[in-house]
Structure formats: structure tokens, C-alpha cells
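Below: one structure, written as C-alpha cells.
The values are calculated or read from the model by the stated rules, or taken from the named source; none is laboratory data. What you are looking at is a predicted structure, and each value in this text was computed from that prediction instead of being measured. Glycine also receives a Cβ, built like all others from the backbone with ideal geometry; neighbour counts cover every protein chain displayed. These area figures cover heavy atoms from the full protein model, side chains too; ligands, DNA and RNA do not enter into them. Shrake-Rupley method; radii C 1.70, N 1.55, O 1.52, S 1.80 Å.
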Amino acid sequence: MNPGAGDGDGPRAELARRIAGEIALSSDPGATLRKWRTDFDVSQTALADAMDVSSSVVSDYESGRRESPGIGLVSRVVNALLDIDEGRGGSRIRQYARVVSAGFESDIVRDIREYPTALPTGRVYDALDATEIVAGERDTVNGHTVINSIQAITSLSSEEFYRLYGQSTDRALVFTGVTRGESPLVALRVVTPTPNAVVLHGLDEEALWDHAADLAAVDGFSLAVSTAPLEESLEELRGL
């Protein structure tokens, strides 16, 4: 099967083309292959089983012990990952579809989800091992959006910022790679209405911008900080 087999314009086909392109064009294809495998939460053994090869083959390509994989092997890797995801319910494919439909690249929006029902904000904070700094006016959220703050700042226009933030009403908006929190919180001032909760990931309370709590209180959203490992936090969020 080719990476885009099936619905040539569907989210699976689009995601297949993205993964295959990244691996093929990477200066370190083994590392890129490993990145996608771990993002799909697939072990080397599970991937090898789906490809009908030994786990040492996958290990050798990821470590660079074998020459760069050809397009045939890349195709098998991509389809194996997508088949595994579909077998688990297709959560990664759906996530990619949501990000694309929102008009943003997946390196900017790390995760975007709707919950089956409104959840207490504390559930999200528990998943992120976050510390609340300011209590918000609303204590539930209907979903979450995780944004790479550096990529967003350097890549998005002001209109795109507004569109992304504006789609995050009644949600928890998580910014990753934050050093002080000034930029995302100032940017939020132009958005109406604001999210129910904002989490600044990558810093603790001591490193937080002096005026962060005041802005959150004025705009009425809950503000929290977290230093938990990002990938583990994303996995916890996906389990909500």
C-alpha cells in the first residue's frame, strides 16, 4: 500500500504524506522515524510486528546503523503506524484532521481535543501536574488546545493569532515552551471571549511574569503553571 492509499484527500492520506515527506527529506531520517513512532505511542516491537520484520530492523534504522530507508520502507513504516492508530480507534489521525481543519500546522498546535462532557478545570491541571495561580470565573472546560508558544509567536500573523485563540473559548489553552508568560498573556488581551483556563508550561511560579496574575484576574480566566515533562503531559491530556 502507498502512504496515501485509500481516500486520497482524507486526513489519513494527508497525514501519510506529511510523515513520509518528513522522513524522506530529513537530514537524520532515523531520528525523524523515531519521532513519529513515539508520537504515535508505538513501540519498536509493535511497529516491527505490523511491518512483518524483526524489531532489530526498526532499531537499526532509527539508530543510523542501516543506511537511510528507501521510499518503499518509508511507505511500510507510515502505513504500519496509521494501521496501528486506526486499530486503536484512530485518535492520532483525528487529532491531525482537527489541526488541519483549524488551519494550523501540527508543529504549532500540539494537540486539540473536545471532551465528551464538560470537565472540572482541576482534572486538566491534574493531568499537567499544574499549579493554579489564579482561580477563574468558570471552573469547567469543554476541551483543550496545546500550542507551541515559540512557533506561534514566530510563525503566525496577528489575524491567525486571533483565529487560534478565538477558537479556544470554553477550553483550556496550554502554551508550551514558556519562559515568563508575558507574550501569550498580552496577546490574549485582544481576544473576546477569553479561554476558561490558561496553562503556561515550562516555568514555575517564581519565574512567572510579575503581571501575569493581574491580567488573568482582570480577564476572568484561571491561570496555572506547569513544569511536568511535556510528552508525559500530552499523554495524560489525551486520556481525559
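Among residues of the stretch 117-146 that are of a type in the set (Lys, Arg), those with a Cβ under 6 angstrom from a residue that is open to solvent by less than 70 Å² (accessible area, probe 1.4 Å), sequence gap 6+ or separate chain, pair up as Arg138/Asn196. Among residues of the stretch 67-87 that are closer than 19 Å to Leu25 by Cβ, those with a Cβ under 8 angstrom from a residue that is part of a loop (DSSP other than H, G, I, E, B) and at pLDDT 90 or above, sequence gap 6+ or separate chain, pair up as Leu81/Val42. Looking at Val42, Val77, Val58, Val53, just one residue is open to solvent by 30 Å² or more (accessible area, probe 1.4 Å) and of a type outside the set (Ser, Thr, Tyr), and that residue is Val53. Can we say Arg163 is at pLDDT 70 or above and among the basic types (Lys, Arg)? No. Counting only helices (runs of 4 or more DSSP H) that sit completely within the stretch 6-116, those holding 3 or more residues that are modelled with pLDDT under 90 and within 21 Å of the chain's Cα centre (by Cα) correspond to 11-25, 29-39, 91-101.
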